[in-house]
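The values are calculated or read from the model by the stated rules, or taken from the named source; none is laboratory data. Here the structure is a predicted model, which means the values were calculated and not measured. Cβ sites come from the backbone with ideal geometry, for glycine too, and all protein chains shown count toward neighbours. For accessibility, only protein heavy atoms count, side chains too; no ligands or nucleic acids. Shrake-Rupley method; radii C 1.70, N 1.55, O 1.52, S 1.80 Å.
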Amino acid sequence: MENHSRDKGKATQTDNEDKDDLQSVLTLQRHLLMEAKTLDSDLDFAFQLQMQEAFSASLSVHHPSSSLDVTLSPPSDMGFDYVTLMLQDIERFEMERKDREESEEEMRRFRNDLNRSIYDQNFARYIMNVPEQEWNNYGDNYERPYDGNVVESQNEGFRVYVKGLVSEERIREMKVTVGGVGVAICDFWNNLVLELRKKLDGAEFMTGEMAGVEAVIHGLNAALSLDLKRVTLFVDDFLVYQFITGRQQPGQSKLGTKVNEVSLLQKRFTYFQPSFAARNDMSFVFKLARDAIVSQITWPVETSNGKGLKETCMICFEDTDATQMFTVDGCFHRYCFSCMKQHVEVKLLNAMVASCPHEGCNTEVTIDSCGKFLDPKLVEIMSNRKKEASIAVSEKVYCAFPRCSALMSKSEVLQYTRTVMLVAEQSGARKCVKCHRFFCIYCKVPWHFDMTCIDYKRLNPHPAREDAMLNTLATKKRWRECIKCKHVIELGGGCYHITCRCGFEFCYTCGAEWRNKKPTCSCPIWDEPNIVHNRQRRQ
C-alpha cells in the first residue's frame, strides 16, 4: 500500500511538473509573438516614414514654393495578420486545456466519491454480518477509515443505461431533425452514480439505430472516465442490441464504423455484458435524451416577466412559453396546454382513452398529469372511466348513498371494510372507500345496523321511489334484468338468447340460464317478426 501511495504521489508530481512546463512554453511563445508583432509594426512604420520623406523631397524639387502638410498614418493592417491569428490560436488552446483540466478534476472527484460510497456500503454490509454477540462485545472497537488510494470501483459491477433519440421537431417556421443522448450509470444496487445528456451532432443524417449506437459509445466512454472495469450495458432497441452482441452485422457503412468503435471500447473492460431491457425500465434515460432534444428547440426571449424560453407546438405551430408546454409521461413528446386540452376533451366526449397526439405514438395520457390543464370534473370523469374499464361487470359495486355513488370492486370494498369490521363478509356490510359510510351490498341501501337483510326486506317490501320508477319503466318496456350482475337489458331485435356483458347467458323471455349454448327452458328461441324486423333495420 505504501508503494502504491508513493507511486501515486510521484505520478501526481510528474503531472504537475508537465503542466508547469506547458504553461512556461505557452507564456514564452506568447511573449515572442508579441515582440514579433511589435517589431513588425515598427518596421512598417519606419518604411512609411522613409516613403513620406522621399515623397516630400520629390515635391520640393518640382514645386519649391508649395507648402507640405504630410501626416504620418499608423501602421497599415492591409496585409493578413498572421501573428494575431497565432495569438488567438494560443488563447484558444489554453482555454481548451483549462476546460480539459477542469473536466479531469471533476471526474477525479466523481471517482473519489464513488470509491468512498462503495467502501462505505461494503463496510456497512460487513458490519451487518457481524454476529450479535461479537458486536455487543467489540462493536465499539470496529474502525476502518477510508483510504483514498484503494480503487474499489474497479472490483464492483455497474449498470450503464443508454438511450439515443432522433426526432423531427419544429422551430418557428422551420422543421428540423435533432437528436439527443441520455446516459445513466448506477451501482450494483441501482443507486445513481452519474447521469448526462448530450445533443447528437449530425442528427439529420442519422437513423434511430445509429443514434442508439452513439448513445452506447457515450455511455461506455463515461464509464471508462470513472475507471469502471465491470459493467452491464442496458439498451431497449433490439436492433442495437443485435449489433452490440455481434448477432447482426451492419455492413460497410458509417453505422458499421460506429459498431466497430463499440467493439474496441468493450475490450477496455474486464467484464462487459450487454442486456436488452424493456422500455418502461429505461424511462429515466429516455427522459434525459428527450431533454437534450428539447434544449435544442427552445430559444430565449424577452417577456413581460423578464427572460424566458419559447418552444413551437407541433400541433398548432404557435410559439409558446416553455412553461406552458405539456410533456406526455412515458414518451415525453411536448405540446401546448391548449392543444392537449382540446385533444383530451374530444377523446372523452367519444368515450375513448386519450393517448399521445404524436403520429404513431400510443402512449396513454395519465390522469394525474391532465390536472395541469383540464377542469377537475373532467379529470374525475377520466378516473371513473379508467376504473370502470378495469373492473369486471360482475365485480362492480356502487355506494348506496345517492350523493356518493362511488364505483368500487367487490374485493376492494371488502378489504377496506375488514380493517374496521371483522365479520364484514358474513354480514354484508361494506364501508365506502370514498364517503366512508356503511351500506349493505345485498340490499343496496344504507347499512341496517340493527337487523338482518331478511328483516330489512320484510319491513321494507316496497323499493325506493327511484327503484320503483325504474321497475315500472322496465316492465313497460319489457326490459330484462341479468340475475348475475343485475344489469338491465333491452332487446331491440333478434333471437331471445341473451349474452350479458358480464358473460352470463339467459333467456330474454323468462330469464332462465343457458348452459353450453342451450336453453334450460321451453320458451321459443325467436319470433319471426322480431327477426325480420331486425334484418330490415340492418339493411
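Below are the figures for this structure:
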quantity: Residue match in the stretch 202-216 (condition: more than 26 Å from Thr177 (Cα to Cα), out of contact with any Leu (no Cβ under 6 Å at 6 or more places or on another chain) and assigned by the TED database to the domain that holds Glu169); calculated: no
quantity: Check on Phe401, more than 28 Å from Gly428 (Cβ to Cβ) and in contact with a Phe, Trp or Tyr (Cβ under 9 Å, 6 or more places away or on another chain); calculated: no
quantity: Some residue of the stretch 278-287 being part of a loop (DSSP other than H, G, I, E, B), under 30 Å from Ala322 (Cβ atoms) and either modelled with pLDDT under 90 or open to solvent by less than 90 Å² (accessible area, probe 1.4 Å) (or both); calculated: no
quantity: Residue match in the stretch 429-443 (condition: assigned to a helix (DSSP H, G or I) and surrounded by 14 or more Cβ atoms within 10 Å (Cβ to Cβ)); calculated: no
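This table checks each residue for (1) farther than 24 Å from Cys186 by Cβ; (2) at pLDDT 90 or above.
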residue	(1), (2)
Asn221	no, yes
Gly251	yes, no
Val259	yes, yes
Ala292	no, yes
Ser295	no, yes
Val301	yes, no
